[in-house]
Structure formats: structure tokens, C-alpha cells
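Engineer: The structure under discussion is supplied below as C-alpha cells; questions concerning it will follow.
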Amino acid sequence: PGGPSPALYLQDPSCRVRRSSDGGQSWDELEGWECGFTFGPDGKTVFFPGGSEATRSRDGGLTRERLALPVPSSPGYVVAHPSDPGRMYVLYGREDPPFVYVSDDQGASWHGTSGIDTICCGRLFFSVDQPQRVYAIGDLDNYRSDNGGESWKACGRSQAWHSAGSARLVVDPSNADHLLLATRGDGVLVSQDGCDTWQQSSLGMGNLFVSALVMEPDDPDVLYAGTDGGAYVSFDGGASWGEINDGLLGATVVYSMVVDPQNNVYAATPYGIFRLEPK
């Protein structure tokens, strides 16, 4: 409602990246194939991991510049801190301890962190109300940092594998200890103590293989979940869920979901990209 449509980005299974400037009506392929791209806090800066170096785009992916990395090994993830200008992180796999490196000068120099024993396919998630709180969520391992990622401590593991997507964790913007985690087989898990313990919170879900969890920017009680059995919405912070599959043309698998700044909800499915129509 009002204003131009924000740019949308899509990554296919072969890691090719496409960009839409018209709300998903048409798509243009960007140069380069890198899995796991991320956005800077300005919404225009995009980081692309790839090979022994990464690239950074300051114009939404149209042009790129080389980003020096701390070790000559392929990174799994590069991300900027959402509220600390200049602070960036790069994550590596199990073969490259200390796994997480930090830069305070926009990637010009890096230093290692401590406390992570092992992590695979890690992603970082940041608190809004406590900027120094950062979570590192892997495929099974979870870590928490209370000093901006300089040091980490392990916290509770679930029995199921976590979602492989980047939208695997939601941090409550008003409570850094309140988390919701998407899993492959155990539904949605909730933590009230900063990831030390987890309880299932999947009431109303018909499928427990959850690929993505996203929150409306203006209302943290409204969440959306993409599963192998379709899309779901919660109006009570994830305590209960209701199905929202009308119009998906029978697509029972939702690969990912996103909510844009105008609260438009998009779902990626085997039949294409769909936008949720308000009722």
C-alpha cells in the first residue's frame, strides 16, 4: 500500500540469483552464482560469498567489489551487524576454526572469535533490544554471544535438524531471550531463556517440516511459517497456527517466505512465487 514495490531477490537450487523490481512480476538474473547472500542494514548493500573471496554490492547486486576474507577458504556466510556500522561477520564450516571472524572496519581487517567448538551451515541472528546479543544457529548446534560475537557459549540442542534456510530463527524484537526455531521434523521450537532450553510450539500445524519462519515488521505477534505441507500463520506469537494455503494452486511445499517492509507476504513454492492477498 503506497510507494514503490521493494526489490525482491530469489535464489534457485543451483544458487543463481534473480532480482525483481516490480513486486515479483518479472525477474532479472544477476551475475555470479553464490549460495547464501545477505543484505546490509541499508537494504541496498548485498554480500555474496563465493570461492576464496566474497563480493559486496552497494547497489542491490547490479555491480560488485571484492571483499577480502580472513582465510583463503570458501566462506559459508557473510553478514553485517544490523545496528553497528562497519561491523561484519564471516562464517566458515567445521574445517576452518575458529569458525566465526569479525571485522570492525567493513571487511578491511578481521579477527577470530572464541567458544565455538563445531558448527555446520551456520547463520547469525541479532537482537533488536540488545545489540550485543547474537545467536549462531547451525544445522544442529546453537551458540549465543552477549558481547557482539567476540566470544560464544553453546546452548541447548534440539533433537531434529534445523531448517537449512536463512529464515530458520526469529528473535523477539522486544525480548532477546525469546526465540522461535524452524526444524525439519519437530515443527517450531520456542525458547524463553536465550536458547538454553526449547519446547515445541506447533499447535495447529499439519506438517512438522518447517523451512522458514518470518515475522511482520510492525507486529511481532504475527508470524508466518513455510512447511512441507503449505503455509501457516500465527496471531499469538507462535503459540498456535492456522493454515493459509488458498491460492497456492495445490503446492504443498513452501521453500521459503519473506515479509517486506509494507507487510506483503511472499512464498516460494514448486509452482512459483505467490503473494498473500489480504482478506
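Engineer: If we scan region 139-146, do we find a residue that is small (G, A, S), surrounded by fewer than 24 Cβ atoms within 10 Å (Cβ to Cβ) and under 19 Å from D193 (Cβ atoms)?
Structural biologist: For region 139-146, residues small (G, A, S), surrounded by fewer than 24 Cβ atoms within 10 Å (Cβ to Cβ) and under 19 Å from D193 (Cβ atoms): present.
Engineer: Also, I was wondering about something else. Restricting to region 116-138, name every residue that is open to solvent by 60 Å² or more (accessible area, probe 1.4 Å) and without any contact (Cβ under 8 Å) to a residue 40 or more places away in the chain.
Structural biologist: Across region 116-138, the qualifying residues are D117, Q132.
Engineer: Given the conditions (1) outside any strand (DSSP E or B); (2) within 16 Å of P97 (Cβ to Cβ); (3) under 20 Å from the mean Cα position of the chain (by Cα), which single one is not true for D117?
Structural biologist: It is condition (3) that D117 fails.
Engineer: Give the residues of region 27-48 that are over 13 Å from S166 (Cβ atoms), open to solvent by 80 Å² or more (accessible area, probe 1.4 Å) and either at pLDDT 85 or above or not in a strand (DSSP E or B) (or both), sorted by residue number.
Structural biologist: Of everything in region 27-48, those that are over 13 Å from S166 (Cβ atoms), open to solvent by 80 Å² or more (accessible area, probe 1.4 Å) and either at pLDDT 85 or above or not in a strand (DSSP E or B) (or both) turn out to be D28, E29, P41, D42, K44.
Engineer: Examine region 16-23 for a residue that is part of a loop (DSSP other than H, G, I, E, B) and among the basic types (K, R), and state whether such a residue exists.
Structural biologist: No, region 16-23 has no match at all.
Engineer: Any chance you could count how many residues in region 12-21 are farther than 16 Å from T55 by Cα, open to solvent by less than 60 Å² (accessible area, probe 1.4 Å) and without any contact (Cβ under 8 Å) to a residue 40 or more places away in the chain?
Structural biologist: The number of residues fulfilling the criteria is 3.
The values are calculated or read from the model by the stated rules, or taken from the named source; none is laboratory data. Bear in mind that the values here come from a model prediction, so they are computed numbers and not experimental data. With ideal geometry, Cβ positions are generated from the backbone for all residues, glycine too; neighbour counts draw on all protein chains shown. Side chains are part of the model used for accessible areas, which takes the heavy atoms of the whole protein and leaves out ligands, DNA and RNA. Shrake-Rupley method; radii C 1.70, N 1.55, O 1.52, S 1.80 Å.
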